[in-house]
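Working notes for the structure below.
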Amino acid sequence: MAQADTLRIATYNTELQRDGPGLFLRDLARGEDDQIAAVLAVLAHADADVLALQGIDYDLTGEALSRLAKVAGYPHHFALRPNTGIPTGLDMDGDGRLGGPRDAQGYGRFSGQGGMAILSRFPIRANDVEDLSSLLWVNLPDALRPEVNGAAFPSEQALAAQRLSTTGHWIVPIDAPAGTFHLMTFHASPPVFDGPEDRNGKRNHDEIKLWQHILDGRVSAAPTGPFVIAGDANLDPDDGSGLRDGIRNLLADHRLINLSPRGHAGTDTVDWDDPIPGDLRVSYVLPSTHWRVVDSGVLWPAPDDALADTVATASRHRLVWADLTLDPADGGE
């Protein structure tokens, strides 16, 4: 890629997670799964240089991701163990029972279900990745504390053990031709499926807020060069459930470019069942102000488009992309 060319960065919740460990690898290896084929077709059509993926089951050997990257034509890939399915031994959701998927650090029927991954055409500095996924929620500055009648929900012990990240928060350096930039990626908790304590709503808010704390240097070191926040925030700034000031404040941050990529459904990025919650904007690509935006969009074709059925088969979510250029003077390390 020449210096003046664009870099396409995308995020996509593939929803490729399966109900048991090893099943995604099995389905991928067989090569007969319609959903996997549709996801691969979406990736090929999007033709992104760097992809932040969600809904990818993690396995310790990395074989599934290696196979996916090879079939999709990406020479570089990266994943870490997500918080999903990591057992706590505690009642984390207050239902009086232990060992359920909501009693894990992040919702999951098994460790690694619905994790994250990165595919890239350019080298990933795996040894320099900063993984913030083990940050305890209570240690986040100004954390919103789930409570019922002034008492910690579901208990002080559970709250003290709870990690902030439902899936993960990674800061990943990537060596692009114009210089190194950092991909900051995450997949936040849905702000629903809880009670009056609003545990999931507050967690979602704080997972999004973490990025601003990082930019402020309150958690980790503030980035000094170009970066892109790309992931599934699970929150719409104008519609649906949740504490919307979390995403609104991030979109309004002066250090970011608030893109408004559009597809057939406008800026919405997910096709959930109507009428509730319906179509929402939950996935984002937010470049730092170091970049110049050439174009952006949501891969959501019109119903009469030849790609429409494939996109719908792949996932309820839609891939979001942005074409960016980086002046060498603003390049990274």
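Structure notes:
- When Asp273, Asp268 are checked against the criterion of being part of a loop (DSSP other than H, G, I, E, B), at pLDDT 95 or above and not small (Gly, Ala, Ser), Asp268 stands alone in meeting it.
- Criterion violated by Ser241 - all others in (1) within 29 Å of Asp5 (Cα to Cα); (2) crowded, with 17+ Cβ neighbours inside 10 Å; (3) hydroxyl-bearing (Ser, Thr, Tyr) satisfied: (1)
- Hits in the stretch 117-151 - residues which are touching an Asp or Glu at 6+ places or on another chain (Cβ under 9 Å), surrounded by 14 or more Cβ atoms within 10 Å (Cβ to Cβ), modelled with pLDDT of 95 or more and not in a helix (DSSP H, G or I): Ser120, Arg121, Phe122, Ile124, Arg125, Leu140, Ala143, Leu144, Pro146
- Qualifying residue in the stretch 201-211 (condition: under 24 Å from Asp57 (Cβ atoms), acidic (Asp, Glu), surrounded by 17 or more Cβ atoms within 10 Å (Cβ to Cβ) and in contact (Cβ under 8 Å) with a residue 24 or more places away in the chain): yes
- Among residues of the stretch 288-307 that are in contact (Cβ under 8 Å) with a residue 12 or more places away in the chain, those with a beta-carbon under 6 Å from a residue that is part of a loop (DSSP other than H, G, I, E, B) and among the polar types (S, T, N, Q) at least six positions away or on a different chain give the pairs Val294/Thr6; Val298/Thr269.
- Being of a type in the set (Gly, Ala, Ser), modelled with pLDDT of 95 or more and out of contact with any strand residue (DSSP E or B) (no Cβ under 9 Å at 6 or more places or on another chain) is true of Ala306.
- Of the candidates Pro196, Pro237, Pro190, the single residue that is in contact with a Lys or Arg (Cβ under 6 Å, 6 or more places away or on another chain) and part of a loop (DSSP other than H, G, I, E, B) is Pro237.
- Count of the stretch 240-263 residues, restricted to those that are in a loop (DSSP other than H, G, I, E, B) and without any contact (Cβ under 8 Å) to a residue 40 or more places away in the chain, is 7.
- Members of the stretch 292-315 that are charged (D, E, K, R) and either in contact with a Cys (Cβ under 7 Å, 6 or more places away or on another chain) or outside any strand (DSSP E or B) (or both): Asp304, Asp305, Asp309
- The stretch 10-34: number of residues that are exposed (fewer than 15 other Cβ atoms within 10 Å of the Cβ) and within 16 Å of Ala314 (Cα to Cα): 3
- Sole residue being in contact with a Pro (Cβ under 9 Å, 6 or more places away or on another chain) and of a type outside the set (A, V, I, L, M, F, W, C), chosen from Pro21, Pro75, Pro82: Pro75
- Looking only at residues in the stretch 193-232 that are among the acidic types (Asp, Glu) and under 29 Å from Gly94 (Cβ atoms), the one that is farthest from the chain's Cα centre (by Cα) is Glu197.
The values are calculated or read from the model by the stated rules, or taken from the named source; none is laboratory data. All of these numbers come straight from a predicted model, not from anything done at the bench. Glycine gets a Cβ as well: all are built from the backbone with ideal geometry, and neighbour counts include every protein chain shown.
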